[in-house]
1. Given 20 °C and 1.002 mPa s, how large is the Stokes-Einstein diffusion coefficient of the stretch B:76-289 in µm²/s, with Rh as the Kirkwood radius over Cα pairs?
2. Show that you can apply the helix-only estimate: for the protein assembly as shown, add -39,500 (n - 2.57) for every DSSP H stretch of four or more residues, divide by all residues, and state [θ] at 222 nm to the nearest 500.
3. Residue by residue through B:130-141, how many Cβ atoms from other chains fall within 10 Å of the Cβ on average?
4. So what J values fall out for the stretch A:202-208 if you push phi through Karplus, 6.51 cos²θ - 1.76 cosθ + 1.60 with θ = phi - 60°, rounded to Hz, Gly and Pro as x?
5. What is the Cα radius of gyration of the stretch C:410-514 over 2.2 N^0.38 Å, N being its residue count?
6. As a test question: what accessible area, to the nearest 10 Å², does C:Lys425 have when a 1.4 Å probe is rolled over all protein chains in place?
7. Counting only protein heavy atoms, probe 1.4 Å: which residues of the stretch B:225-272 lose 20 Å² or more of accessible surface in the full assembly compared with their chain by itself?
8. Please report, in whole Å³, the volume per residue of the convex hull around the C-alpha atoms of the stretch C:168-217.
Amino acid sequence: MNKTTKSCKRGYLSLFFTVLGTFISGFAYAEYGVNMTQGVTEFSQTAYDLHMIVFWICVVIAVLVFGTMIYSMFAHRKSKGVEAAQFSHSTKAEVIWTIIPILILVSMAVPATKALMRMEAPKDENGEHLNMEMTVKVTGYQWKWKYEYLGENVSFLSTLKRDSDMARQIGDFPNKKRPGEIENYLLDVDQPLVIPVDTNIRFLLTSNDVIHSWWVPQFGWKRDAIPGYVNEAWTNVKEVGTYRGQCAELCGKDHGFMPIVVEVKSKEDFAKWLSEQKGENLAGDVSVQTLAKN
Amino acid sequence: MSNTNTEQYFVPHKARWPIVGSIGMTLTAVGAATFMNSSSSHTPVLMYLGFAVIIFMMFGWFGEVVKESESQMYNEQVDTSFRMGMVWFIFSEVMFFACFFGALWYVRNFAVPWLGGEGTGSWTNNEIWSGYEGVWPTNGPANVGGEFELIDPYHLPLINTILLMASSITLTIAHHALIKGLRKKTIGWLIATVILGATFLFYQAEEYIEAYQHLGLTLGSGIYGSTFFMLTGFHGMHVTLGAIMLTVITIRMIKGHFKPDSHFGFEAVAWYWHFVDVVWIGLFIFVYIM
Amino acid sequence: MSHTTTLDHEHDHDHKPKGFVNRWLMTTNHKDIGTLYLVFALIMFIAGGALAMIIRLELFQPGLQFVEPDFFNQLTTMHALIMVFGAVMPAFVGFANWMIPMMIGAPDMALPRMNNWSFWILPFAFIMLGSTFFMDGGAPAAGWTLYPPLVLQGGKNLAFAVFAIHMMGISSIMGAINVIATIMNMRAPNMGYLKMPLFVWTWLITAFLLIAVMPVFAGAVTMLLTDHYFGTTFFNAAGGGDPVLFQHIFWFFGHPEVYIMILPSFGIISEIIPTFARKPLFGYVSMVYASAAIAFLSFIVWAHHMFSVGMPFGAELYFMYATMLISIPTGVKVFNWVATMWKGAMTFETPMLFAIAFVILFTIGGFSGLMMSIAPADFQYHDTYFIVAHFHYVLVTGAVFAIIGGVYYWIPKWTGNMYSERLGKIHFWWSTISVNVLFFPQHFLGLAGMPRRIPDYSTQFTEFNMWSSIGGFAFGLAQVFFCIIVWRTVKGKGTTKATDRVWDSAKGLEWFVPSPAPHHTFQDGAPVKDEQLAHVSSH
Ligand code: HEA
Ligand code: HEA
Ligand code: CUA
Ligand SMILES: [Cu+2]
């Protein structure tokens, strides 16, 4: 009558260890640089912390739930000759496994709320709105970024660097380089955004055509650039360095090819750079304007 | 053995019409899509053909159902299925309108104020749309579609409100008459309902002509024109459909269909008509008055 | 039986109509329509899977090898649309058609003619959608989320895609109406609501979701259509509209939509586990309430897909909290499944293996969902491969695994033939291992910063992408193998005849009719017997 009585091979359960193993080894890998970055801003650190808290909570729940299940699959199998129990209800158990998860969620919600507040409504030590020391306006174009230093009369476009652009073309042609031969393949631009370290910087994001999203993982956030609207975000980078990101909202055929590079300089170097730009910009401005129109 | 043939749930054994309906639908869709995509404004023959096939299907399908119904093949359970079908169909229509009402609510309470600099919109207003006030009604900061004037809610729209509400009442009177078995009276009030519905449509057309020709208000008048015409337009299409259905049941009444205790076709149309009426009241308040 | 004589020629109810057109094109039989849906879903799964294979091929290594970026976006978009609307949803409707009338003791679906129409709209809709690949400008390429303004840049495809979506919507709504009318009106005497199998319950709730959100989706794409062709400005700031408005409407539909794809799976799993644990489902009533709670919550969490669009702070906070809440009822389900296995007497036939894998892998997918509901962390996760990993865990190892498990579970009843247990087990292990190789590394890719919807990537992502692609090809081949197993079972090759009960401790009405189930079941309207049912005592 039934074909189910075939005895089970031990091997069946190796699956669950395989899966669990991947899960754990995945985490081990994570230590070696494929986990979320801790970044270089207060906010990226918070995002990372939240990520890890929730991750570990999930791992613990997973071990408990899957552990119970796997134990059960070994212990409560027909081939061992067990009789199936016939209970089908336990109010106590059900209440417990409703209440405990609620408490767990509350414990996640508290730090998450704090972090969100810090991002969206930042305050300084005195409880005042955090003062922004400079403002950068970012405009998305298909498929490049325009950066404007508000009040400074400096602005320029930032596009995928030429060597990447050549290497990414489909097909073969003379002198074609392979992606592996190019440093920072797809993550380099002709002219990076330059900002000072340790400075509260307001970003205003908008777009000229479709929706883009400006994302540098090391800063810890991404924010959409929406045509006709201006979005606000802020950051304060703690370390000098070069940080790379990409457009994170599908924006057409070259969505994968509009990287973001931010050079964070010391305040002095930044000031120097900015005044150089101002000199140059008198000449440069015109071409920027025409480019932007296209 | 009076009820032998209805003890079982009636399951038809062949459905000829659905496939016709699908073909009609596809023709309509392909026809409309090609028409929209072509730059020249030829007549969308394929689309009309599709419509014709759909109408043919409806007559065929409903005709079959009417025939089965009139020959007593449906028991009460079948009747209940039909009722549930109709109720949930109307619910889906409610959600369709909710979508457009929701859009209206969103643009009025969020999008337009933000563009005007309220709330999180101050940078938006400063950087892109400075000078834009963000007051409803609006065709947006770029004055899309040019200047327009509004329709005075207390002229045609008010008349239309009264007409449609009156038609709901006349329909209810007709229904009560039907339950009491007063055939003549039912037909009379049904005809009155159809006339009220048709008059509504006439005035609605009048209003559109007025809007386009004298007020400068078109579908392209920014977000006001978009929400106004999409909401009233879809409503108008539903009134048209409702009026056609009313006409059909009037004809069926005249032909002697429906019984005081079983007349689902009548009721379904009545529910639909009341739904259309309720949507209109929503429109009158949220689109015209507020 | 005299009533049939007036309209048709089949006096004998157990004889199937003859000829292709009669049997399939004009059918009103819930089993035949169920078969049509399932076959259609399988074809679409292969089509959508084939597109995914091209995606994985292109992503095998950095640099563009096979497809142009724009075509890549078309592949992504069409892959998702086909899988969601062509494969998973129709497969569930197929199960609903086959099983619901049999499970509640109904002679057929409540509105059989409309049932036929629900199905026969779909092939037309998908031919129309697929034809956009051959138009100038190609298929829609803005992602299955169809965000404006990008989607409005598409060529001629927009009108075709929109009308195809309208047709799918009409089909889904009619299908859902039918399910509701059947469940509410067609239960055999003594089949109370709280005696219904959980699969029936989850489908009832799913049907409500469908009727509530498909029209909203239809409205949203209609606005796209008029914005593109008739000069409205719903999604254009210049005219006072807002591109984000579309996202709100889309996700008001889209989030319930993802539960539309998982609730019936919950139902299937809740049928399979008790059978092979030989123990009643634990917490039946709480399962029903949990499903309803999930459905309710699904309406009020939509903007968790939009944390980075720049919503007001309060809105972000609200949507974060609401989203986190969904873990509670979902957790209840998971715990109940584990408790059902606890102290059972389990055997591990193929359906049970898929069900167990479902519980584990769906939960992993749920956990990544929970992680993404934390808004400040989602600023990092959003639009990366972490999300791609999340939703393939819940959709492939969730929905698709439940579908496959359900096929193994019920195919003996459908065909009268027992599938080959040996091949089934091979299929299971092959699928389960490869699917994890396919999707698990995508978590790492996402965390390391690889955005989704890109045809080419920076070289540091190479290794995991290779793994993912290899897993993808292996998983694809495993499904070819599945098609062979199904084929052999249908044809009775290398199989044995199935008994009526099929599984020794299976409960529910479907196991008390012959295998294969006769063309017409339950025409006598006799009351069902409690001892045939899995759930009788309602606590
Ligand atoms: C079947 C489909 C399905 C299902 C069931 C889910 C389930 C969930 N999803 Fe998922 N989701 C998708 C399909 C699905 N999702 C898709 C397709 C997308 C992407 C769309 C696109 O952009 O293209 C997406 C995207 C998506 C996002 C947007 C990410 C972004 O773009 O930035 C978010 C954010 O919150 C999210 C959250 C969740 C949550 C919280 C659940 C919860 O329901 C999960 C609940 C389950 C569990 C938590 C596990 C079991 C529970 C326990 C064992 C109890 C104990 C646990 C705790 C209390 C911690 N999903
Ligand atoms: C139910 C829904 C569903 C299902 C079942 C799947 C199944 C699969 N998906 Fe799906 N996917 C989505 C829903 C789904 N997906 C959605 C909603 C998106 C988002 C789209 C967007 O961004 O807009 C997405 C996006 C998406 C991406 C990201 C694309 C991008 O961001 O650019 C990728 C990449 O790997 C991918 C891969 C796969 C693979 C390998 C499978 C496999 O499981 C498929 C396996 C099946 C087969 C392969 C078919 C059977 C066999 C054959 C056809 C024979 C040929 C086989 C060989 C040659 C080996 N999917
Ligand atoms: Cu710009 Cu994606
Ligand atoms: Cu969601």
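The values are calculated or read from the model by the stated rules, or taken from the named source; none is laboratory data. Keep in mind that this is a model prediction, so the values were computed, not measured. All Cβ positions, glycine included, derive from the backbone under ideal geometry; neighbour counts span all protein chains shown. For the accessible areas, the whole protein counts, side chains as well, though only heavy atoms, and no ligand, DNA or RNA atoms are used. Shrake-Rupley method; radii C 1.70, N 1.55, O 1.52, S 1.80 Å.
1. It comes out at roughly 112 µm²/s.
2. Dividing the helical sum by the residues of the protein assembly as shown leaves -19500 deg cm²/dmol.
3. So the per-residue partner count for this stretch is 2.
4. With the stated coefficients, the stretch A:202-208 comes to 8, 10, 10, 10, 8, 9, 9 Hz.
5. Numbers: Rg = 19.7 Å, N = 105, 2.2 N^0.38 = 12.9 Å.
In units of the globular-protein estimate, the stretch C:410-514 measures up at 1.53.
6. 30
7. B:Ser226, B:Met230
8. Taking only Cα atoms, the stretch C:168-217 has a hull volume of 62 Å³ per residue.
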